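Student: Below is the structure I would like to discuss, written out as structure tokens.
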Amino acid sequence: MKHDYVINEDNIILRPISIDDLQSVVLWRNKNSVRKWFINDNLIELEKQMDWFNKYLNTPNDYIFIIEEDKELKQAVGMVALYNIENDEAEFGRFFIGVDEARGKGLGAKVVKMICQFAIQRLKIQKVYLEVLEHNIAAKSIYEKCGFGFCYQYEANNKNLLRMEFSKMNTEIISVIGLGYVGLPLAVTFAERGKKVVGFDVNDNKIQLYKQGKDPTNEIGEERLSDINNLEFTSDPKKLKLSRFHIIAVPTPITPEKVPNLEPVKSATKIVGDNLTKGSIIVFESTVYPGVTEDICVPILEEQSGLVYKKDFWVGYSPERINPGDKIHTVDKIKKVVSGCDKKTLDIIAEKYSIITDAGVFRASSIKVAEAAKVIENSQRDINIAFINEIAIIFDKMGIDTREVLEAANTKWNFLDFAPGLVGGHCIGIDPYYLTYKAQQLDYRPEVILSGRRINDNMGKIIAEKTIKKLIENNQKVKDARVLVMGLTFKEDVPDLRNSKVKDVIDELLKYDINVIITDPVADKDQVYKDYNLKQTDLDNVNDIDAIIVCVAHRYYKEINLEALKKYFDANITYPILIDVKGIYDKKKADRIFNYWRL
């Protein structure tokens, strides 16, 4: 059927045509001064395609458009169609196009955008689908730039095809506020899945690095970061006005008194509130105690924006589950817990997050339930590690190697596999205090959680004191001893220094007037000095050491041969002290060379 609606934009005309008129339309290209029919830049006869058109474009609702790039000559340079229109969905077909793209005019992308806008705005279609060959990188890139997202992969006629989708939601911009270890992977993954994203951070230095394709978190990698096209990094809060779906993913630390510091999330909420538009949804990912989203953040949003909650804007909570340095449990592979202030909001939030995670979403019954789930996930892990740390202290006093005990115990099918160590970082060492704070507000003192925290917070002192005892045991001086601390980040192979408990080891050693030399292959020297007022030394410049404490299990340290470690010690020490906090070296081999101890 012929439709009269003409799409005219950017000097491009999409002129409707009926299936019956196809035979009389001349689609031509001047090649070697010969005008012939063409498809996809290959010279063929149009009649050979008529069977296809008759098979698929045969209903009154189908829309077929001839593409005219030149208004004067009225040359038809291609053809597109919307067909299989049913249940607010339509299939997109792109047939005679490719020539002008090859000339670098970008005609293909412009036409695709025009058709999708026509479908959604004029025809009120909710979703437009298309299929593309898996190996057709150029076509996939064009569709992604136009807002199409990946749905699934399938095989047909011995070809691997990708199903891609464009929906009204694809035209909306997602904003991510806070571009650290949580926010950056979220922003990048949404962008890779076809969404337009505004990535906002108050730290303009960080923004400039991202724009240059540099990733100081090492979570995404520079190659992947450089390939993102539809992600705008900015420190300009006004850019948030472009979005009506905001995700706040800023850190939530604690104060020196070990109570929640909500200032970062409050500040981020104010920024969003200042730039909030009607119809917006704000999702919080930051770790908080139950009630913060609705009782603290919502009033801030109302005050800053002048809008009314559940009338002009809505909120939800989806706890972050990023594990820094973990390349297996990435945001696209983990199940996301989602919640919303009402069913409609929850449905929208669930649909959004389903775009980025292949593992699916879990719909929590309320925002408070989702907040509580997050805070107990890490509290549970903290308590389990505290138990192992406590038995490590006990077994050390008994002269029993804890790692050997755990190896034996792990043969039981339901024994939980945890290891002793320093418990720092922005999650496990922080989150339990959010729960205990709220509990104490309700006049309940949580014994188990706080006991676990006390044990884990004391491990830095335990390790330092063990080093002192080893020096005495070895008849070495304590005061002015040169002790090398290897590793300062809170976790192996990540540059994150937040709440590193290695600092506790260093502070305790300094109380004994020990000269502490610090080295770390992944920590940024400037950041170390800024955060802790400590100076790093390159390992190659280390010598005349009295004892070594390997605090962090960096891959670089694991690859160092035990014999090679000896070169860093004072040559006069025959049985040098090696403290292996994470147990990364073979005990039997280490015992032959060093006065060795592991936690």
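Student: Hey, which of the helices (runs of 4 or more DSSP H) in segment 443-538, taking only ones fully inside, have at least 2 residues that are under 29 Å from the mean Cα position of the chain (by Cα)? If you could, list the steps in order and put the result at the bottom.
Tutor: On the way: elements: 447-457, 459-473, 502-510, 525-532.
The qualifying helices (runs of 4 or more DSSP H) are 447-457, 502-510, 525-532.
Student: Still on this model: Would you confirm, using the coordinates I've provided, whether LYS206 is under 22 Å from VAL331 (Cα atoms) and at pLDDT below 95?
Tutor: On the way: under 22 Å from VAL331 (Cα atoms): yes; at pLDDT below 95: yes.
Yes; evaluated as a whole, the condition is true for this residue.
Every residue, every condition in (1) β-branched (Val, Ile, Thr); (2) modelled with pLDDT of 95 or more; (3) outside any helix (DSSP H, G or I); (4) open to solvent by less than 40 Å² (accessible area, probe 1.4 Å), yes or no:
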position: VAL375; (1), (2), (3), (4): yes, no, no, yes
position: ARG381; (1), (2), (3), (4): no, no, no, no
position: PHE387; (1), (2), (3), (4): no, yes, no, no
position: ALA392; (1), (2), (3), (4): no, yes, no, yes
position: ASP396; (1), (2), (3), (4): no, yes, no, no
position: ILE400; (1), (2), (3), (4): yes, yes, yes, no
position: GLU404; (1), (2), (3), (4): no, yes, no, no
position: ASP417; (1), (2), (3), (4): no, no, yes, no
position: GLY425; (1), (2), (3), (4): no, no, yes, yes
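Student: Another one. Tell me which residues, restricted to segment 72-119, are acidic (Asp, Glu) and at pLDDT 80 or above. Full working, then the answer.
Tutor: At the first step, the residues of segment 72-119 found to be acidic (Asp, Glu) are 72, 86, 88-89, 91, 100-101.
Scanning segment 72-119 gives GLU86, GLU89, GLU91.
Student: Looking at the structure I just gave you, is THR467 within 20 Å of GLU508 (Cα to Cα), open to solvent by less than 30 Å² (accessible area, probe 1.4 Å) and of a type outside the set (Lys, Arg)?
Tutor: Numbers: within 20 Å of GLU508 (Cα to Cα): yes; open to solvent by less than 30 Å² (accessible area, probe 1.4 Å): yes; of a type outside the set (Lys, Arg): yes.
The answer is yes for THR467.
Student: Another question, if that's okay. So LYS335 fits all but one of (1) more than 18 Å from HIS246 (Cα to Cα); (2) modelled with pLDDT of 95 or more; (3) in contact with a Gly (Cβ under 9 Å, 6 or more places away or on another chain); what number is the exception?
Tutor: (2)
Student: Continuing with this model, one more query. What are the residues in segment 233-259 that are free of Cβ contacts under 8 Å to residues at least 40 places away in the same chain and either of a type outside the set (S, T, N, Q) or touching an Asp or Glu at 6+ places or on another chain (Cβ under 6 Å) (or both), if any?
Tutor: First, pick out the residues of segment 233-259 that are free of Cβ contacts under 8 Å to residues at least 40 places away in the same chain: 234-238, 241, 255-257.
Scanning segment 233-259 gives SER235, ASP236, PRO237, LYS238, LYS241, PRO256, GLU257.
Student: For segment 333-362, which positions are on the phi < 0 side of the Ramachandran plot, under 20 Å from the mean Cα position of the chain (by Cα) and surrounded by fewer than 16 Cβ atoms within 10 Å (Cβ to Cβ)?
Tutor: Hits for segment 333-362 are LYS333, LYS335, GLU351, SER354, ASP358, ALA359, PHE362.
Student: Right, next: Among the residues of segment 539-575, which ones are part of a helix (DSSP H, G or I), among the hydroxyl-bearing types (Ser, Thr, Tyr) and more than 36 Å from the chain's Cα centre (by Cα)? So that I can check it myself, show each step before the final result.
Tutor: We begin by selecting, within segment 539-575, every residue part of a helix (DSSP H, G or I); these are 539-541, 555-558, 562-568.
So of that shortlist, the ones also among the hydroxyl-bearing types (Ser, Thr, Tyr) come out as 556-557, 568.
Across segment 539-575, the qualifying residue is only TYR568.
Student: Right, here's the next one. Could you check how many residues of segment 268-288 are farther than 13 Å from SER243 by Cβ, free of Cβ contacts under 8 Å to residues at least 40 places away in the same chain and open to solvent by less than 20 Å² (accessible area, probe 1.4 Å)? Can you show your working first?
Tutor: Here is the first cut: in segment 268-288, the residues farther than 13 Å from SER243 by Cβ are 268-270, 273-274, 284-288.
Still in the list and also free of Cβ contacts under 8 Å to residues at least 40 places away in the same chain: 269-270, 273-274, 284.
Remaining after also requiring open to solvent by less than 20 Å² (accessible area, probe 1.4 Å): 269, 273, 284.
So the count comes out to 3.
Student: Tally the residues that are open to solvent by 60 Å² or more (accessible area, probe 1.4 Å) and part of a helix (DSSP H, G or I), restricting the search to segment 234-265.
Tutor: Within segment 234-265, residues that are open to solvent by 60 Å² or more (accessible area, probe 1.4 Å) and part of a helix (DSSP H, G or I) number 5.
Student: Taking the residues in segment 475-490 that are of a type outside the set (A, V, I, L, M, F, W, C) and open to solvent by 40 Å² or more (accessible area, probe 1.4 Å) as candidates, determine which candidate is nearest to ILE428 (Cα to Cα).
Tutor: To start, the set of residues in segment 475-490 that are of a type outside the set (A, V, I, L, M, F, W, C) comprises 475-477, 479-480, 482, 487, 489.
With open to solvent by 40 Å² or more (accessible area, probe 1.4 Å) added as a condition, the list becomes 475, 477, 479-480, 482.
On the way: ASN475: 38, LYS477: 36, LYS479: 34, ASP480: 34, ARG482: 32 Å.
The residue in question is ARG482.
Student: Still on this structure, please answer the following. Here are the criteria: (1) under 30 Å from ARG224 (Cβ atoms); (2) modelled with pLDDT of 95 or more. Tell me which single one GLU294 does not satisfy.
Tutor: In the conditions (1) under 30 Å from ARG224 (Cβ atoms); (2) modelled with pLDDT of 95 or more, GLU294 misses (1) alone.
Student: For segment 435-457, what are the residues that are buried (at least 18 other Cβ atoms within 10 Å of the Cβ) and without any contact (Cβ under 8 Å) to a residue 60 or more places away in the chain? So that I can check it myself, show each step before the final result.
Tutor: Initial filter on segment 435-457 (buried (at least 18 other Cβ atoms within 10 Å of the Cβ)): 435-436, 438, 449, 452-453, 455-456.
If the condition is that a residue be buried (at least 18 other Cβ atoms within 10 Å of the Cβ) and without any contact (Cβ under 8 Å) to a residue 60 or more places away in the chain, then THR436 is the only one that fits.
Student: Under 8 Å between Cβ atoms, at least 6 apart or on separate chains: pull out the pairs that start in segment 341-358 with a residue that is under 13 Å from ARG193 (Cα atoms) and part of a loop (DSSP other than H, G, I, E, B) and end on any residue that is open to solvent by less than 60 Å² (accessible area, probe 1.4 Å) and among the acidic types (Asp, Glu).
Tutor: The qualifying pairs are THR357/ASP332; ASP358/ASP332.
Yes or no, residue by residue, for (1) farther than 24 Å from THR357 by Cα; (2) not in a strand (DSSP E or B):
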{"residue": "ALA119", "(1), (2)": "yes, yes"}
{"residue": "VAL132", "(1), (2)": "no, no"}
{"residue": "ALA139", "(1), (2)": "no, yes"}
{"residue": "GLU144", "(1), (2)": "no, yes"}
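Student: Among the residues of segment 519-530, count how many are within 25 Å of ASP480 (Cα to Cα), open to solvent by less than 70 Å² (accessible area, probe 1.4 Å) and out of contact with any helix residue (DSSP H, G or I) (no Cβ under 7 Å at 6 or more places or on another chain).
Tutor: Qualifying residue count, segment 519-530: 2.
The values are calculated or read from the model by the stated rules, or taken from the named source; none is laboratory data. As the structure is a computational prediction, the values presented were derived from the model and not from experiment. Every residue, glycine as well, gets a Cβ built from its backbone with ideal geometry; the counts of neighbours run over all protein chains shown. Just the protein is used for accessible areas: all its heavy atoms, side chains included, with ligands, DNA and RNA removed. Shrake-Rupley method; radii C 1.70, N 1.55, O 1.52, S 1.80 Å.
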